[in-house]
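Just so you know, all these numbers are worked out from the coordinates, no wet-lab data involved. All values reported here derive from a predicted model rather than from experimental measurement. Reconstructed Cβ throughout: ideal geometry from the backbone, glycine too, with neighbour counts over all protein chains shown.
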Amino acid sequence: MQEVDHFPFNPSEFGDLPDDLTEYLNIDFLDTEKLFDDPWLNCADDYCSDIQKAAEVPSQESQPQRNQQTDKQTKNSRKRKRVPQPLCTTENTKRKRPKVAGQPKTKEVQAEPTSVIPETDVGSAPNPTDSLSGLSTTPPPRIVHLYPSNSAPPFPIQIITIPDAAGYQVVQLSPPPPVIRLPLSNTATAPTYIFVPATSPPCKRRLPPLSPVGGAVAPVQMSSSPIGSLSDSASKAMCPPCASPLSPSTEMSQCKESPPPQSPTVPDIPQGVNDYIQEAKAHMSQVCQDMETGISLTSHYVDVQVSQREVLRSGKNTNKCLEKELVIMGDTDRQKSLLGQSQIFGGSNDKAKRYILLLGNAGMGKTTLIKKLCLDWSKDCIPQFDFVFLLDGKQLSLTEPTFSLQTLLLNLSSYAPSCMDPEAVFAQILAAPKRVLIIFDGFNELRDYEMLLQTQEKDLVTSLLKDNKAQTFTVKQLYSAILQRVLLPGCTLLLSTRPRGSGLQVLRRTDSLLEMCGFTSTNVETYLTQYFTDPALRTSALDCLKSSSYLHLLCWNPGLCRLMCLVLEQCASLEVLPRTLTGLCHQVLCLKMEKERKNPCAEAQTQTPEQPVQDETQILNSCQVKKCDGSNQKKSRKQQHTSSGSRRSMRTKKTQVDEMDEEMKNDVEGVDRTQEGELLSQLSSLAWEGVKSNSSILPTGRAVPSKLKAFGLRMGLVLSHHLKKRPLVSNGENEGGGRGDKHEMGEVKENSGRTDTDVDDDLILLWANPFLQSYMAAVHLSLSRTVTERTFLQTLPFQSGGKGRRRPQREELELTQRFVVGLLFHNRTELQKLHLHSERTLKDVVVTKQASVMKHLEGLSYSDLSSSQVLEACHCVYEASHTSDESSRNTGNTRLLTHLAVNLPEFLTFQGVPLSPPDVFTVQNAVKRGGTEGRSFCLDLEDSGIQICGLRALVGLNNINTYRACIADVVALWEQLEQAGETELLQGAVSTFKIHPLKATQVCHIEHLEKLVKIHVQKRLSDSSSQSESILAEGVPAVKELHKLEFELGPERGPLALPKLWELLPGLPNLQHLDLEDCKIGDKEAENLANALASLCSLEKLNLSQNCVGDQGVKKLTATLKDLPKLHCLSLYSNVISDEGAESLAAALPHMASLTDLDVSYNKLTDAGVESLGASLRNCNEMKTLRMWNQCIPYGVYERLQHQDSRIKLN
């Protein structure tokens, strides 16, 4: 709430409140019937009706009755002079809010929190007893108006009475809080009293945001918006009315029944703001229609679901890689966690998600999904947001401190239309941040967000909070403030990026972690059906794609599926389809070159951004016409300036595009086949620079020749992008306290004809496809003679960093390295198309670099490589050994594949490495080749997220001895094999599956194990299946061979899975080692464990350290443990066992004949308990060590016991 001094007026100069105020009131203006019958002033809270009303107005009978005056009389009566006698008024006066121009005046006056001026002089001490006497409790407070001066507006005064009851008390506030103080001049501040109930009744209803609680008075600083920036309706939106208990901290409810809204809604959005919202939706509906040139989002979009990911927050991981922090789910669990687009921001029954992270590798469709969300918002399919702003990572290249939060959202955000009244729109954004969605896109890696989440300077944060409309900040500072919740803390954030690099700061803040799942086989067919409208071509394309397994699997990535469709368009003219990713990208590039030669201007026209500019102009004009038709008067001067400035901005854009078109048309005539190779060479050099700098933007530090730009645009390799650079503020914003330095004032004056919707744009060039950028970079590395041998060797994969550690690879760099190896073993005739080298020169370059690659790969020690590096080696070797032309194979290709198959480690583990369908194919290729070389392997596929179809492909190989994978996926595979009648494959899949040792780190691991144990006990896959009975006649071998189970869920998730653990333990008769450390096992859980341990006759080690087992739990455990014939190690370290529990252990120790090690350190033992255990140890001949150190026991006691028996250890 704000404090505004409307006019000089002070109650202390008028003395005590007289009994009759009629002589001081302008009764010509007082319509008592209309005023006192107003329901907005007489409402009360129903649910607080048990509280005695703390206010009463004197009866209307004591005031003279007046008839209602006419409008003319009303105007004349305002000139009546005030009676020069002292007045008295309450401080509970409704303050005026500054009004936005054009907003109608409201007649209702809302009641402020109840407050009373004491009936004593300023300097006298108050007497609460006198203040409470003679006051009744029935009627609600009334409001009357005073006219303190001839020219002043009517001033509302609330006259109340306080009940003479023990339930109320007087509280003096000194100094008076600003939200209830009546600002009056020329007098000292009088003490202020408020009357509150002694005990407030419980209120279950939710208080509105920023509402004071507990009788406190909210300071002005609690407002999330700058003072004087909100209209009346915007202020209502900030604190929506809802029922609340009657207290000085909350206003009277404006309606009798006002339940809290189910979702954050904004009532009474100003008409001008609502017009802007509709304009934004219309604009976004058009600009988001195209996925890319020639492909509409409406006709070609395939609804790809996203999966909900979980994060391990154990805090024990020192490796800051994202893959180490994320939980990699199995295929079965991933299918259960799939979310539709309507669930991304939380369903009707879910908690709202305010910080969402969307992960996906290059080409997985993150940007396309964001466009679809924006399109859905424009169609009112996402009603929880009034505003959607898209902030692009490319804007971070703007380093000038000339931006504010207002200009960032309304001018620099993508898809944002021109705004006619930015002040009102921005005020609405500040008033209701929960109705705002901000999307961050264009960030390649998580480390880009990590840089923005670094702690900012305190002065900068203070400046941002003090005046976020001042255009003195950089884009990076504003991005950082939004991500750190300094600005717009209540808004919803959606961040998209690739799952590479460090992301601890982001992961700590996110409350929802999503991942793009990619295309399924059904999605691929749907996409091809929508892409190919010709039925014959569609059928031919589908047949060709299904004939190539690897290409079909590559279509799991939507971006690669799009490239595959470009190739399949020419499938009738192609003799052989490409077999590798290198071959696919090479074929796409050749098709683009051929198309450009046939029609050099067509591609340039489709790739230029002229059409979006025309669309923006059309949308702007249509919205302006619509707004003009709906208004009653002509536009204001500000709107006219804004409109003219917007048209100038559009003309500027169109002029830039026209100039580029003219350059391109002139350059087309000058490009021939000789220059084509040179231009490709220059583009490939720029691509390599972008890969090295982890950027998709062509270098802006030096001038790129216009002919090169035109060639890249015509080829479709690069796209132009409007980068908005310098928003210019309007005169009105400067007057309102925006930019105030002399330099900025001069800039505004110089551009006085432009408004804050005017921006200076730069056209920058972007790589159109990340795969083609990496491919072009590989062309430079593999074919350019400017790349020295030393530089080339440094770019090869698996380079060692400092101290022998392998440097982590970025995704685009891994792709480039993969393409380099593939190009060097590609058909040289095809490579001749990419460069100007003569045939002999090309042969020398390729042969030299081929030899370097082979020497490098053959010199690798695969046993020293990490799992992800072994996977990348499989990809590189596959690219080298499977060229697009079978006749071009040479011995070098086969030698690399053979060397890989022979040197792969026997225990091939990919645990913790996400395996996509193409990844599985390349691993299968290497393992299968190993079988021809007499090799067999043991595969570990746990926590790899491998799909069930990929699991089947690997398990079906003949040279797989054993395999590990997600238990739920394995059971699903068995069920599929049983339903398909593949008995032989099912037999092999069951017999080679292993789970020993099993480390449960998630609750689902115990759930999956419970399902497997059930199959083992029932000896069938399901109650209705019978085909597997012969295969499972002896049970599941993996369950019988499980000897070690580590329960590592921790104290938070452990108790959730313990009930299932007690149920499945009897089904593990061969279990030898059970680790239940730190999972909050108390006496009750110890009793359940004791019942389950009775059937574990093979148990040798039991670890119950760091739990809550007490004396009763030990008593139950010892009754069972003494019957376990093979138990030799028992740890009860750090529990709550006292002397009573020690006596139970001492009594059972002689009967535990196999026990050799016992640890009861750090319990609640005293010297008596230690003495009893030491005495019992004399009867345990097999016992080797007894640890029972406790810091509360004197060291001399241990020393004496250790002297008596050396088996007692202190550590």
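Things worth noting here:
- In sequence order, calculated HN-Hα J values of region 990-1005 (Karplus, 6.51, -1.76, 1.60; Hz; x Gly/Pro): 6, 6, 9, 7, 10, 10, 8, x, 10, 10, 8, 10, 9, 4, 5, 4
- Rounded to two decimals, the Cα radius of gyration of region 1020-1130 over 2.2 N^0.38 Å is 1.18.
- The slack between Asp1123 and Thr1185, meaning 0.36 nm per residue of separation minus the straight C-alpha distance, is 20.3 nm.
- Note on region 495-558: Rg/Rh from C-alpha atoms, Kirkwood Rh, equals 1.21.
- Taking amide H positions as modeled 1.01 Å from N, with prolines and chain starts lacking one, the residues under 5 Å from Leu723 and 5 or more places away or on another chain are Asp762, Leu763, Ile764.
- Inter-probe distance in nm under a simple model that places probes 7 Å from Cα toward Cβ, at Arg895 and Lys855: 1.2
- Computed from the C-beta positions of Thr791 and Thr539, the FRET efficiency with R₀ = 45 Å rounds to 0.40.
- With K and R counted +1 and D and E -1, the other residues having a Cβ less than 12 Å from that of Tyr775 yield a net charge of 0.
- Label point distance in nm, Gln979-Ser867, each placed 7 Å from Cα along Cα→Cβ: 2.8
- For Ser1144, neighbours were defined as the other residues whose beta-carbon sits under 11 Å from its Cβ, and their charges (Lys and Arg +1, Asp and Glu -1) total -1.
- The modelled label-to-label distance for the pair Glu310/Thr474, using points 7 Å beyond Cα in the direction of Cβ, is 4.1 nm.
- Restraint check, Lys1060/Lys1080; Lys366/Lys928; Lys1040/Lys1184; Lys353/Lys394, Cα-Cα greater than 24 Å: Lys366/Lys928; Lys1040/Lys1184; Lys353/Lys394
- Calculated FRET value between Cys590 and Gln675, using beta carbons and R₀ = 22 Å, to 0.05: 0.80
- Computed from the Kirkwood radius of its Cα pairs, the Stokes-Einstein diffusion coefficient for region 981-1084 at 20 °C and 1.002 mPa s stands at 147 µm²/s.
- Net charge over other residues, Cβ less than 12 angstrom from the Cβ of Leu1165 (K, R count +1; D, E count -1): -4
- Working from the Cα coordinates of region 891-982, the gyration tensor eigenvalues give, after taking √(5λ), semi-axes of 24, 14, 12 Å in decreasing order.
- Label zone at Ser299 (point 7 Å along Cα-to-Cβ), backbone N below 12 Å, region 529-572: 530-534
- Fully extended contour minus Cα-Cα distance, from Arg485 to Ser784, at 0.36 nm per residue: 102.8 nm
- Listed pairs Lys281/Lys707; Lys1014/Lys1116; Lys692/Lys999; Lys999/Lys1019; Lys592/Lys692 exceeding 29 Å between Cα atoms: Lys281/Lys707; Lys692/Lys999
- Normalised contact order of region 810-966, rounded percent, pairs of Cα under 8 Å and 6 or more residues apart: 21
- Average projection area in nm² (convex hull over Cα atoms of region 1115-1211, one quarter of hull surface): 5.2
- Placing R0 at 56 angstrom, the Cβ-Cβ distance between Lys1011 and Leu574 gives a FRET efficiency of 0.70 after rounding to 0.05.
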